[in-house]
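Report on one structure; see the data block that follows.
The values are calculated or read from the model by the stated rules, or taken from the named source; none is laboratory data. What you see is a predicted model; the values in this text were computed from it and never measured. Note that each Cβ is placed from the backbone with ideal geometry, even for glycine, and that neighbours are counted across all protein chains shown. Surface areas here come from the heavy atoms of the whole protein model, side chains and all, with no ligands, DNA or RNA. Shrake-Rupley method; radii C 1.70, N 1.55, O 1.52, S 1.80 Å.
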Amino acid sequence: SFEYTNSRINPIAEAALDILARDPFQSICQTAEKCGVSESALYSAFKHSLGYSPNFARQKIICERAIQLLETTDLPIEEISGESGFSSSSYFRKVFRLHTGLTPREVRKKALF
């Protein structure tokens, strides 16, 4: 479900996106190791190929999963925040809004109609 800004995506960035989609809770360092490159090489591959960082991609993937929980469960936002790997629900809300343009509550309200 990731949108690529460049049709010629770097193979390292593409592999990392696949790895992060399967397990977004691993560190970027672990992701780089699985791709067989250094962390700085991974950041460079993302920056040049996609225009954003691996951490930004990981946050986007986590937000997509959070949207599913918001739309399909009645779990409290604080619980979804914790399950999404955020240490505070306020930071979760900030990151969520950055990636979706909406608050978690707004996403949940839309799903009810």
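Residues that are in contact (Cβ under 8 Å) with a residue 12 or more places away in the chain and hydroxyl-bearing (S, T, Y): which helices (runs of 4 or more DSSP H) entirely in region 68-111 hold 2 or more of them?
89-100
Show the residue pairs meeting these rules: Cβ distance below 8 Å; 6+ apart or different chains; first residue within region 21-40 and surrounded by 13 or more Cβ atoms within 10 Å (Cβ to Cβ); second residue at pLDDT 95 or above and of a type in the set (D, E).
The qualifying pairs are I28/E39; A32/E39.
Give the residues of region 83-92 that are surrounded by 15 or more Cβ atoms within 10 Å (Cβ to Cβ) and touching a Phe, Trp or Tyr at 6+ places or on another chain (Cβ under 9 Å), sorted by residue number.
Answer for region 83-92, where residues must be surrounded by 15 or more Cβ atoms within 10 Å (Cβ to Cβ) and touching a Phe, Trp or Tyr at 6+ places or on another chain (Cβ under 9 Å): S84, F86, F92.
Residues that are within 19 Å of L20 (Cβ to Cβ), of a type in the set (A, V, I, L, M), open to solvent by less than 30 Å² (accessible area, probe 1.4 Å) and not in a helix (DSSP H, G or I): does region 49-60 have at least one?
yes
Hey, among the residues in region 25-47 that are aliphatic (A, V, I, L, M) and either part of a loop (DSSP other than H, G, I, E, B) or touching a Cys at 6+ places or on another chain (Cβ under 7 Å) (or both), which one's farthest from A13 (Cα to Cα)?
V37
Restricting attention to region 93-113, and to residues there that are among the aliphatic types (A, V, I, L, M) and within 14 Å of the chain's Cα centre (by Cα), which single residue is surrounded by the most Cβ atoms within 10 Å (Cβ to Cβ)?
Step by step, filter region 93-113, then rank; the result is V95.
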